[in-house]
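Novice: The following block contains the structure, expressed as structure tokens.
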Amino acid sequence: EVAYSHSTGQKEQLSRCLQRGIRRVQDLCKVLQLPAVFEETAVSYFQRALQLPAFHLASLEKKELLGGCCVFVTCRQHSWPLTMGTVCSLLYAKQDLFASVYLSLQKELGLSVPALSLADLVTTHLNSFRLCQPAANVPAPFLEDKEKLLARTVGIVELASEAWLVTGRHPVPIVTAAAFLAWQSLQPGPRLSCPLARFCRLAGVDLPPPAHLRLKELLEILLAMASQLSWLRGFNLDKKTVVKHIGDLLQHRVFLLKNAFSQQDGEEQQDTAPGQGSPGQGSPSSPPVAQDKGCPSAGKGQRGGTLRPLLPPCLIHPRKRLRPAAPSAPEPAPTGDEPISDSEIEQYLRSPEEIRAFRKAKAW
């Protein structure tokens, strides 16, 4: 026999934990249909991480998530559009625990992970759509050219990013809502009556629950921008008809976003100006004066008056929190001379004899 110190280590067996982890990484790569290079990189990251005390002594649950974190890091480094939510759903893991393991892996191995590109994510998500290729269950008016749909969807996602609708949120619902609006805007006639649920069913993709909320927020932004286009002010636009003009809105989105949401700041300044400045400095386009006189042009000038400021939705619609109860006045200290009510006396009576004696004494 050859001593272990003199052996080459070629016949050394891997631990069961390491073997299970490698198999888990390989299975995850096969499910995601990743290239072989990605699988090799993820396995090497897992082997390196498991040798460190931070992961070698970790709980079994964290070791199971470590393989998913290695796959996630590898995809990010190769600009492969994979979200943390997708990995968590495949591993049935909690996102907060997965995020903590991911940050620990990034710190312990000293890995640099680039940010996820929204354009790459949109491209990957639209590749699975059935609306870009003829199918038996897809009507002819619903088919769309893939390049046109991709370009319009990327524009809407970039608009959502500039309007604070992407930061801190899962990107798939936003991409789904943007693809739905892009698909409707390319041929509004036969597609405006198609709801989001049917669109996802025809496209062969799942409908994320928050997609309806992201769609509502996008339509609010589009309506606010449409109110700033001079050739659209004569139309009574709503959340359906504004879809027809998405192409024009995206073409001038930088100007429209700045004009729509900075106009409200200007109106607030004008509202406070009469109380601050001298009467000789009033401008002829002052909206408060026009409204008081009932001038019909005031409505046109105040078209953007109801627009919200360009802030994240969590600041515009904060969650309602229970307010703490107001401190009540301190009760006076008991002295022993307080009156005792009949109901309080009755709750101390237990036996029927006591009840009969109490009634007899009360009648007397």
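Novice: Report yes if some residue within region 91-104 is outside the structural domain of residue 41 (by the TED database) and either farther than 24 Å from residue 255 by Cβ or not in a helix (DSSP H, G or I) (or both); otherwise report no. Talk me through it step by step, then tell me what you get.
Specialist: In the first step, residues of region 91-104 are kept if they are outside the structural domain of residue 41 (by the TED database); the result is none.
No: zero hits.
Novice: So in region 54-81, with the set limited to residues that are within 22 Å of the chain's Cα centre (by Cα) and at pLDDT below 85, which one is least open to solvent (accessible area, probe 1.4 Å)?
Specialist: Selected residue: 81.
Novice: For residue 134, only one of the following conditions fails: (1) closer than 24 Å to residue 83 by Cβ; (2) free of Cβ contacts under 8 Å to residues at least 40 places away in the same chain; (3) not polar (S, T, N, Q). What is its number?
Specialist: Here residue 134 clears every test but (1).
Novice: Which one of these is in contact (Cβ under 8 Å) with a residue 24 or more places away in the chain and under 22 Å from the mean Cα position of the chain (by Cα): 192, 186, 196, 207? Give the steps one after another, and end with the answer.
Specialist: Numbers: 192 fails: under 22 Å from the mean Cα position of the chain (by Cα); 186 fails: under 22 Å from the mean Cα position of the chain (by Cα); 196 fails: in contact (Cβ under 8 Å) with a residue 24 or more places away in the chain.
Matching residue, one of 192, 186, 196, 207: 207.
Novice: Now for a separate question. So residue 202 clears everything in (1) surrounded by 13 or more Cβ atoms within 10 Å (Cβ to Cβ); (2) in a loop (DSSP other than H, G, I, E, B); (3) in contact (Cβ under 8 Å) with a residue 40 or more places away in the chain except one condition, right? Which one?
Specialist: The failed condition is (2).
Novice: Here's something else I'd like to know. Within region 226-261, how many residues turn out to be touching a residue at least 60 places away in the same chain (Cβ under 8 Å) and among the charged types (D, E, K, R)?
Specialist: Selection size over region 226-261: 2.
Novice: Sticking with this structure for a sec: Pairs please, first residue from region 152-164 and in a helix (DSSP H, G or I), second anywhere and hydroxyl-bearing (Ser, Thr, Tyr), Cβ atoms under 8 Å, 6+ apart in sequence or on different chains.
Specialist: 152/185; 161/167
Novice: If we keep just the residues of region 136-168 that are small (Gly, Ala, Ser), out of contact with any helix residue (DSSP H, G or I) (no Cβ under 6 Å at 6 or more places or on another chain) and closer than 19 Å to residue 184 by Cβ, which is surrounded by the fewest Cβ atoms within 10 Å (Cβ to Cβ)? First the steps, then the outcome.
Specialist: Here is the first cut: in region 136-168, the residues small (Gly, Ala, Ser) are 136, 140, 151, 155, 160-161, 163, 168.
Next, from what is left, pick out any that are out of contact with any helix residue (DSSP H, G or I) (no Cβ under 6 Å at 6 or more places or on another chain): 136, 140, 151, 161, 168.
Now drop any that are not closer than 19 Å to residue 184 by Cβ, which leaves 140, 151.
Values: 140: 7, 151: 14.
Ranking the candidates gives 140 first.
Novice: OK, next. Among the listed residues 222, 181, 196, which satisfies the condition of being open to solvent by less than 70 Å² (accessible area, probe 1.4 Å) and more than 24 Å from residue 311 (Cα to Cα)?
Specialist: Values: 222 fails: more than 24 Å from residue 311 (Cα to Cα); 181 fails: more than 24 Å from residue 311 (Cα to Cα).
Of 222, 181, 196, the one residue that is open to solvent by less than 70 Å² (accessible area, probe 1.4 Å) and more than 24 Å from residue 311 (Cα to Cα) is 196.
The values are calculated or read from the model by the stated rules, or taken from the named source; none is laboratory data. The model shown is predicted, which means the values in this text are computed figures rather than measured ones. Because the Cβ atoms are built from the backbone with ideal geometry, glycine has one as well, and the counts that use them run over all protein chains shown. In case anyone asks, the SASA skips ligands and DNA or RNA and just uses the protein heavy atoms, side chains included. Shrake-Rupley method; radii C 1.70, N 1.55, O 1.52, S 1.80 Å.
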